[in-house]
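Scroll down for the structure; my scribbles are underneath it.
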Amino acid sequence: MPEDFIRIEKEIQKFWQERGIFKTNPNPRKKYYVLVMFPYPSGDLHIGHSRNYTIGDTVMRFKKMRGYDVLHPFGWDAFGLPAENAAIIHGIHPEIWTKENIEISKKHLMDLGIGYDWDSEVTSCEPEYYRWNQYFFIKFYERGLAYRKESYVNWCPNCQTVLANEQVKDGHCWRSTCNAIVEKRKLTQWYFRITDYAQRLLDGLKELKDWPESVKIMQENWIGRSEGVEVYFTLEDGTKVPIFTTRPDTLYGVTFMALAPDAPLAETIAQGTSQEKLVRDYINEALKKSEVDRTGIETEKTGVFTGRYAINPINNERIPVYIADFVLASYGTGMIMAVPGHDQRDFEFAQKYNIPIKVVINPPGEKLDPKTMSCAYVDEGVMVNSGPFDGLNNLEGIKRITKYLEEKGLGKRTVNYRLKDWLISRQRYWGTPIPMIHCEHCGIVPVPEKDLPVLLPKTVKDYQPKGKSVLAGVPEFINTTCPKCGGKAQRDPDTMDTFVDSSWYFLRYTDPKNDKMPFDPKKANQWMPIDEYIGGIEHATGHLIYFRFFTKVLYDMGMLNVDEPCKVLHTHGMVKLNGITMSSSKRHGIWLGDFLKEHGADVCKLAVLFSAPPEKEIDWTNEMVIGVSRFLSRIRALYEQHKPIFDIIPNIQEHITNKPDERRLYIRLNQTIKKVIDDSERIQYNTAIAALMEFLNDLTGFENKQSQLFQHALGVMLRLLAPFAPHIAEHLWLKHSGKKHSIFEETLPEPDPNALSFETITIPIQIQGKLRSKIDVAIDTPEEEIKQLALNDEKVKKYTEGKTIKKIIYVPKRLINIVIS
RNA sequence: GCCGGGAUGGCGGAACAUGGUAGACGCAAGGGACUUAAAAUCCCUCGGUCGUUUUCGACUGUGCCGGUUCGAUUCCGGCUCCCGGCACCA
């Protein structure tokens with residue numbers, strides 16, 4: 001790109017700003033909400049970031065040119081650990097560090113010419129924003145959706161804070177720069193009761209027709225619904241120990257039970273038995289292990305007998321109870337019935353500890369012997385050793401035993417989910433303070449709404465958490481009075497998970513300045529749902545579940561008319577460099593500042609859009625830049641040499657001559673309009689740009705450049721190009737059209753439906769399915785005539801001579817296939 | 001282990017929701033034009049093998065094996081490899 005163009009891009013950006021091209025219409029007639037996931041302000045942006053924004057920008061410009069009133073806002077997910085780490089390492093206040101980064105990133109976005117409505121910019125670390133996190137927290141609390149409980153939680157020893165389940169990847173901290181092995185700690189923490197919405201989150205997926213199948217499946221697995229029965233076992237002393245099973249048909253095969261070492265009952269169950277000390281030691285050992293050690297693939301199951309027995313309610317058998325590390329406290333009831341004959345895990349455990357194996361299901365036509373079994377039998381079969389249920393197919397057995405248990409009051413049908421409640425407390429500084437007060441007399445009391453926001457104190461000396469919250473060490477923050485009794489009380493020292501911020505920011509964009517409410521429902525409902533949401537796939541089971549959850553709660557609160565936030569989701573692939581994902585924190589990437597200085601914004605946009613379809617990842621090479629640079633140079637040269645007609649000529653088809661090349665160009669023009677529009681609607685920008693390149697080749701090769709048709713085509717082409725190369729299109733538009741308004745205030749022309757195919761088409765002729773010849777025919781040639789033409793074709797004759805023609809298959813306008821014997 | 005997705009020229013990728021000329025568009029490569037020269041630009045060639053060797057023709061070719069079909073990159077069955085997600089969920 002010639003150097004002067006970098007300067008021109010700046011002028012164009014200024015023109016857009018001054019003209020307010022991207023301002024949101026507060027009263028949209030035909031609304032379109034396009035949103036990119038708001039980023040963490042990491043300072044210098046790289047090409048990987050630009051992909052996200054470029055796709056959003058192209059959607060916005062395209063939709064705008066198709067007559068929509070578009071909302072295309074931007075903001076910053078500004079709370080979080082990197083700011084705090086910078087404070088710890090460099091002694092800069094997190095707020096200053098964050099704001100400096102925002103300025104840098106924002107400049108890059110401006111230089112890229114992304115068309116945001118900056119009036120609706122939202123920054124989550126501002127009290128004007130986070131006070132509403134606190135507002136929602138209290139609303140959730142009032143509805144029973146925010147609660148505190150003590151349990152074993154994921155603890156990152158490096159970040160010195162707890163993590164939500166969604167933030168633990170393979171037993172390691174999710175943050176790419178941390179990656180520490182996550183430990184278990186027993187703590188009292190705040191949770192959002194997302195499990196109350198498990199079923200609705202699952203059901204809602206069915207409505208999301210335009211979400212990628214992969215994301216929906218990931219969420220479905222994450223929610224993990226499974227249907228079964230809760231069966232009421234009891235210990236010999238009468239203690240109730242219900243268990244969950246999906247296989248009630250194996251109830252007669254239970255030979256032991258197992259309790260999770262971190263389940264509450266595990267602490268007391270062995271008291272007074274000879275096993276007491278062994279059990280205590282085992283639990284201590286088991287809890288010391290990290291999740292990785294405990295659940296790794298190769299890990300052998302361990303356990304210890306508790307000295308206690310339970311009674312199997314279906315046959316009153318006496319069943320030994322173990323504590324075993326393969327049982328999870330957090331799923332079901334934290335205790336299981338174990339059937340070694342028909343569950344592989346139970347089988348392995350039973351073998352190791354010499355527990356009997358009992359067969360209650362035989363494979364069809366076979367008889368299993370527990371002594372010779374090498375693994376559990378888990379498939380369908382015939383029930384045996386199961387009292388009145390013998391001889392049944394086990395699938396039928398599931399139904400019959402379930403019914404029996406319910407009738408006798410020995411159990412009930414239950415559904416279990418793998419989804420856990422969302423742990424939102426963090427022991428860090430740079431986040432939203434939890435608006436709760438702990439009073440000796442009144443217990444936990446929410447901060448009254450009129451006292452919000454609870455401001456994050458700025459006078460912190462030491463940001464390094466030491467196993468407890470940073471804010472606990474700030475007396476002027478922590479000490480307060482109880483809103484109920486007026487006595488001395490303390491604030492909650494924790495801050496919220498930053499995923500709370502991103503769970504509703506898309507609503508704030510619809511009403512960003514409101515200081516009475518988080519948003520006016522009228523305004524939100526005007527724009528919701530999001531019509532096109534663009535972001536990385538890495539949020540599939542985190543943010544993309546959380547924001548659905550929030551939307552459903554707000555729907556229940558009467559604040560929204562929709563209970564799904566977003567109709568269409570497009571997840572794009574990462575951008576890599578030398579096979580490694582570009583990353584700000586790892587300082588690995590092609591930096592936007594450098595790139596823009598060298599190539600300009602349009603080249604950046606086109607290169608990112610053209611090199612691969614959006615969902616695929618890109619391994620960046622400089623070759624990707626060369627092709628699109630040439631394309632833009634050729635465009636520029638064409639428009640410098642030949643003057644377009646800038647106004648769309650309504651009946652251009654009446655003005656063109658019957659010369660074949662004019663007919664051809666006219667049809668190519670309409671094919672291009674159709675292809676660019678269709679592909680853009682599907683966000684297949686790589687092929688849309690390819691179509692523009694093809695048409696440029698057509699234009700360059702066209703003889704009569706003085707003709708009205710040619711000049712008209714140039715005018716149309718410029719509009720089609722505008723969403724992809726906005727600066728150059730705008731520049732050529734303003735410079736040569738003499739118009740004062742932006743090309744983005746123009747609309748895209750529709751293709752002429754009568755000019756989408758050529759009058760003469762080439763029909764390939766196959767013989768036995770192999771291509772042998774081609775004939776050119778008029779498009780309306782009758783089938784019989786085409787068949788005759790094919791049979792008379794010289795090359796065809798060579799193959800058909802002396803053979804019998806069995807049949808001729810003609811696919812209209814596509815091909816002809818002759819079958820001979 | 002379970003659940004997804006994928007595999008097409010030297011490379012990025014088209015075509016495959018509806019089976020119908022595989023390789024659009026671009027990069028790289030080779031040749032040519034312009035130029036004192038270079039850059040830039042423009043034109044031509046470009047899956048492989050073989051044959052005539054000019055225009056052309058034959059065979060083969062979309063990870064592998066098989067099937068359905070007049071016809072399969074596209075559908076079905078069975079594999080191999082890659083990339084994601086989940087991971088003792090009872």
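The values are calculated or read from the model by the stated rules, or taken from the named source; none is laboratory data. Note that the structure is a prediction, hence the values are computed from the model and not measured. With ideal geometry, Cβ positions are generated from the backbone for all residues, glycine too; neighbour counts draw on all protein chains shown. The accessibility values were calculated without ligands, DNA or RNA, using every heavy atom of the protein model including side chains. Shrake-Rupley method; radii C 1.70, N 1.55, O 1.52, S 1.80 Å.
Give the distance, in whole Å, between the Cα centre of region A:749-764 and the Cα centre of region A:550-564.
48 Å
In terms of Cα to Cα distance under 12 Å, which aspartates and glutamates are near enough to A:K705, apart from those fewer than 8 places away along the same chain?
List returned: A:D661, A:E662.
Step through the residues of region A:602-613 one at a time and calculate ³J(HN,Hα) from phi using the Karplus curve (6.51 cos²θ - 1.76 cosθ + 1.60, θ = phi - 60°), rounding each to whole Hz and writing x for Gly and Pro.
5, 4, 4, 4, 5, 4, 5, 6, 7, 6, 6, x
Hey, any idea what % of region A:511-630's accessible area is carbon plus sulfur with a 1.4 Å probe?
52 percent
Carbon and sulfur atoms: what percent of the 1.4 Å accessible area of region A:318-368 do they account for?
Answer for region A:318-368 is 50 percent, counting heavy atoms of protein chains only.
Once amide H atoms are built 1.01 Å from N in the peptide plane, which residues 5 or more positions from A:Y509, or in another chain, come under 5 Å H to H?
Under 5 Å from the amide H of A:Y509 lies no amide H from a residue far enough along the sequence or on another chain.
If I histogram all Cα-Cα distances within region A:636-722 using bins 5 Å wide from 0, what percent of pairs lands in each bin?
P(r) for region A:636-722, in whole percents per bin: 3, 14, 28, 25, 19, 9, 3, 0.
What fraction of the DSSP beta bridges in chain A is antiparallel, stated in percent and rounded to the nearest 5?
For chain A, the DSSP antiparallel bridge percentage is about 75.
For region A:1-66, what does the alpha-carbon gyration tensor say about shape, rounded, prolate or oblate, given a ≥ b ≥ c as the root eigenvalues, a/c under 1.5 as rounded, and a/b over b/c as prolate?
Oblate.
Sequence neighbours fewer than 8 away in the same chain don't count; with that in mind, list the lysines whose C-alpha is under 18 Å from A:K403.
Reachable lysines: A:K412.
Peptides A:328-334, A:480-486: what's the order by average Cβ count within 10 Å, highest mean first?
A:328-334, A:480-486
Which of rounded, prolate, oblate describes region A:146-272, given a ≥ b ≥ c as roots of the alpha-carbon gyration tensor eigenvalues and a/c under 1.5 marking rounded, otherwise prolate only if a/b is larger than b/c?
oblate
Explain nothing, just the number: dipole magnitude of chain A about its Cα centre with +1 on each Lys and Arg Cβ and -1 on each Asp and Glu Cβ, in debye rounded to the nearest 20.
That gives a dipole near 300 debye.
Under 17 Å Cα-Cα from A:K795, which aspartates and glutamates qualify once same-chain neighbours fewer than 8 residues away are excluded?
A:D776
Against the 2.2 N^0.38 Å scaling, with N counting residues, where does region A:94-186 land? I'd like the Cα-based Rg ratio to two decimal places.
1.48
Return the long-range amide H neighbours of A:T760 (sequence gap of 5 or more, or a different chain), with a cut-off of under 5 Å between placed amide H atoms.
Excluding prolines and chain starts, which carry no amide H, the hits are A:I779.
On the protein heavy atoms, probe 1.4 angstrom, tell me the percent of accessible surface of region A:48-185 carried by carbon and sulfur.
46 percent
Rounded to the nearest 20 debye, what is the charge dipole size of region A:178-309 about its Cα centre when +1 sits on each Lys and Arg Cβ and -1 on each Asp and Glu Cβ?
240 debye
I'd like the distance between the alpha-carbon centres of region A:572-611 and region A:24-54, rounded to an integer number of Å.
First find each Cα centre; the distance between them is then 17 Å.
In whole angstrom, note down how far apart the Cα centers of region A:441-501 and region A:319-372 are.
The distance from the Cα centre of region A:441-501 to that of region A:319-372 comes to 49 Å.
Would you calculate, for chain A, the mean residue ellipticity at 222 nm contributed by helices, counting each DSSP H stretch of 4 or more residues as -39,500 (n - 2.57) and dividing by all residues, to the nearest 500?
One gets -11000 deg cm²/dmol as the mean residue ellipticity at 222 nm.
Which order do the peptides A:42-55, A:125-138 take when ranked by the mean count of other beta-carbon atoms within 10 Å per residue, highest first?
My ranking of the peptides, most packed first, is A:42-55, A:125-138.
Rounded, prolate or oblate: which one fits region A:1-153, using the alpha carbon gyration tensor with axes a ≥ b ≥ c (rounded when a/c is under 1.5, else prolate when a/b beats b/c, else oblate)?
oblate
Assuming 0.36 nm per residue, please report the length gained on full extension of the stretch A:I648 to A:K352 beyond their Cα-Cα distance. List each step's numbers first, then the result.
Values: separation 296, 0.36 × 296 = 106.56 nm, distance 8.15 nm.
The span from A:I648 to A:K352 would gain 98.4 nm if fully extended.
Could you give the spread of the C-alpha atoms of region A:307-453 along their three principal axes, from largest to smallest, in whole angstroms?
Cα spread of region A:307-453 along its principal axes, largest to smallest: 73, 37, 30 Å.
Any idea how far apart A:N179 and A:E18 come out in nm if each label point goes 7 Å out from Cα toward Cβ?
5.0 nm
Averaged over every viewing direction, what's the projected area of the C-alpha convex hull for chain A? Give it in nm², one decimal, please. Can you show the working numbers first?
On the way: hull surface 188.5 nm².
Averaged projected hull area, Cα only: 47.1 nm².
Can you pull the one-decimal nm distance between simple spin-label points at A:E227 and A:I820, each 7 Å off the Cα toward Cβ?
Computed distance between label sites A:E227 and A:I820 equals 6.1 nm.
Can you tell me which of A:147-158, A:770-781, A:559-570 comes out highest on packing, and rank the rest after it, using the mean Cβ neighbours within 10 Å?
For the peptides A:147-158, A:770-781, A:559-570, the packing ranking is A:559-570, A:147-158, A:770-781.
Through the Karplus equation 6.51 cos²θ - 1.76 cosθ + 1.60, θ set to phi - 60°, convert the phi angles of region A:639-655 into ³J(HN,Hα) values in whole Hz; use x for Gly and Pro.
In residue order, the calculated couplings are 7, 6, 8, 10, 8, x, 8, 7, 7, 5, 7, x, 10, 4, 4, 7, 9 Hz.
How much area per residue is accessible in chain A when the probe is 1.4 Å and only protein heavy atoms are counted (Å²)?
So chain A comes to 44 Å² accessible per residue, rounded to a whole number.
Sorted from largest down, what three extents in whole angstroms do the Cα atoms of region A:71-139 have along their principal axes?
Projected onto its principal axes, the Cα set of region A:71-139 covers 38, 34, 14 Å.
Roughly how many nanometres apart are two label points built 7 Å out from the Cα toward the Cβ at A:R682 and A:E11?
With each label point 7 Å from Cα toward Cβ, the separation is 3.9 nm.
Collect residues whose amide H, placed 1.01 Å from N in the peptide plane, falls under 5 Å from the amide H of A:H172; neighbours closer than 5 in sequence don't count.
Amide H neighbours of A:H172: A:V182.
Over the Cα atoms, compute the radius of gyration (one decimal) and Dmax (the largest Cα-Cα distance, rounded to a whole number) for region A:480-616, in Å.
That works out to 20.7, 66 Å for Rg and Dmax.
Assuming R0 = 22 Å, can you tell me the calculated FRET efficiency for the pair A:I805 and A:T760, based on Cβ-Cβ distance, to the nearest 0.05?
Computed FRET efficiency for A:I805 and A:T760 comes out at 0.25.
Need the full-extension length gain, A:E276 to A:E476, defined as separation in residues times 0.36 nm minus the C-alpha distance. One decimal, nm. Don't jump to the answer; show the numbers that get you there.
Details: separation 200, 0.36 × 200 = 72.00 nm, distance 4.72 nm.
Contour length minus Cα-Cα distance gives 67.3 nm.
Round to the nearest 0.05 the FRET efficiency obtained for A:D203 and A:K659 when R0 = 60 Å and r is the Cβ-Cβ distance. Write out the running numbers ahead of the final one.
Numbers: r = 61 Å, r/R0 = 1.01.
With a Förster radius of 60 Å, E is 0.50.
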